[in-house]
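Below: the structure, in C-alpha cells.
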Amino acid sequence: MSIENQFTKYAKDYDNNNIIQRIVSKALVREITDEPKRILELGCGSGQIFREITWEFDSYKAIDFSHTMCEIHPKAPNLVVKCFDFDSSSFKDEIENDTYDLIISSSALQWSKNISKLLENLLPKTKNFKAVLFTSNTFKEIYEITKKEKSILSQEEIKEAFVPYKALFEVFDYKLFFESKKELFDYIKNSGVSGENKLDFKEAKHLYKNYHLNYLTFEVIFITI
C-alpha cells in the first residue's frame, strides 16, 4: 500500500489516532513569535496546524497528497486547500511565483523522496521556515523485531539535508502508553505513521508474539530556519 493510500484509508479516523502528531503540531505553532500573513503548509492532513492558528492571515495555502484529507480539512476565508505530492513538478509549478512569510510542516516531510531537492524549491520562497519530522527511530523496537527496512528518513539524513541552510535542530523522544496490546497494534494500523512497510500475516503474527512493551516510541526533530 502506498503512503498516500495509507493516509487516505484511515483519514476519517485520523484525528482519533494521531495523539503525538497533535502534540508536536501544537508545540510547533507555539514557536511562532510573530503573526505571519502569507502561509504555506505542507502535509496539512485534517487540519492540526490550521486549528492552532489564532491570528488573521491574508492567505493560507494548505497542501496534502491525500484527497480525503483535503476534503475533511477545515474551510475558512483566505484559505485554499490543494491536493499535491510536494515532491512533484506540479507542486513546484504551483508555488513558482509565490512568496511566504512562513512555510510550516508537521509530521510530513519525512516522507519526501528527495528532501534536498524539495528544500531547494521551498526555501527561496520564505525567510521563515518551521517543521517537525518523525525520524526513523520512531517505532524502533518494532523494526528491531521485524527487521523491516525503515521507510522514513533518519535523524542524520534529515540534518544533512538542512545543514546548508544553517538550520536549528531540537530532537525529542516520546513514549505513548497503551492499556492493552490490541490497543497498541490498532494504533499502529490506524495512525499512518508506519508508512509503506506493511507487514504480511506471518510477520504481523511474529511481531504480536514478540512485542512485550506497553508503549510505542517516537523520535521527532524540530527544525527552524
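Things to note:
- Criterion (in a loop (DSSP other than H, G, I, E, B), in contact (Cβ under 8 Å) with a residue 40 or more places away in the chain and β-branched (Val, Ile, Thr)) met by exactly one of ILE39, ILE49, ILE32: ILE32
- Residues of the stretch 95-137 that are among the β-branched types (Val, Ile, Thr) and in a strand (DSSP E or B): ILE103, ILE104, THR126, VAL132.
Conditions tested, residue by residue: (1) under 19 Å from the mean Cα position of the chain (by Cα); (2) within 24 Å of ILE63 (Cα to Cα); (3) surrounded by 16 or more Cβ atoms within 10 Å (Cβ to Cβ).
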residue: LEU109; (1), (2), (3): yes, yes, yes
residue: PHE134; (1), (2), (3): yes, yes, yes
residue: ILE142; (1), (2), (3): no, no, yes
residue: PHE177; (1), (2), (3): no, no, no
residue: LYS182; (1), (2), (3): no, no, no
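- Those residues of the stretch 152-167 which are outside any helix (DSSP H, G or I) and surrounded by 14 or more Cβ atoms within 10 Å (Cβ to Cβ), in sequence order: ILE152, LEU153, SER154, ALA167
- Inter-residue pairs, beta-carbon under 7 Å, first free of Cβ contacts under 8 Å to residues at least 40 places away in the same chain and of a type in the set (Phe, Trp, Tyr) and in the stretch 73-86, second in a loop (DSSP other than H, G, I, E, B) and surrounded by 13 or more Cβ atoms within 10 Å (Cβ to Cβ), 6+ apart: PHE84/PHE65
- Scanning the stretch 31-50 for residues that are surrounded by fewer than 16 Cβ atoms within 10 Å (Cβ to Cβ) and at pLDDT 95 or above yields a count of 2.
Yes/no per residue for (1) among the β-branched types (Val, Ile, Thr); (2) outside any loop (DSSP other than H, G, I, E, B); (3) surrounded by 13 or more Cβ atoms within 10 Å (Cβ to Cβ); (4) under 20 Å from the mean Cα position of the chain (by Cα):
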site	(1), (2), (3), (4)
PHE57	no, no, yes, no
TYR60	no, yes, yes, yes
ILE63	yes, yes, yes, yes
MET69	no, yes, yes, yes
PRO77	no, no, no, no
ASP87	no, no, yes, yes
ASP93	no, yes, no, no
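- Screening the stretch 111-132 for residues that are of a type in the set (Gly, Ala, Ser) and within 15 Å of the chain's Cα centre (by Cα) and picking the one that is modelled with the highest pLDDT gives ALA131.
- Sole residue being exposed (fewer than 14 other Cβ atoms within 10 Å of the Cβ), outside any helix (DSSP H, G or I), acidic (Asp, Glu) and modelled with pLDDT of 95 or more, chosen from GLU170, GLU149: GLU170
The values are calculated or read from the model by the stated rules, or taken from the named source; none is laboratory data. Because the structure is a prediction, the values reported are computed rather than measured. Every residue, glycine among them, receives a Cβ derived from its backbone with ideal geometry; neighbour counts consider all protein chains shown.
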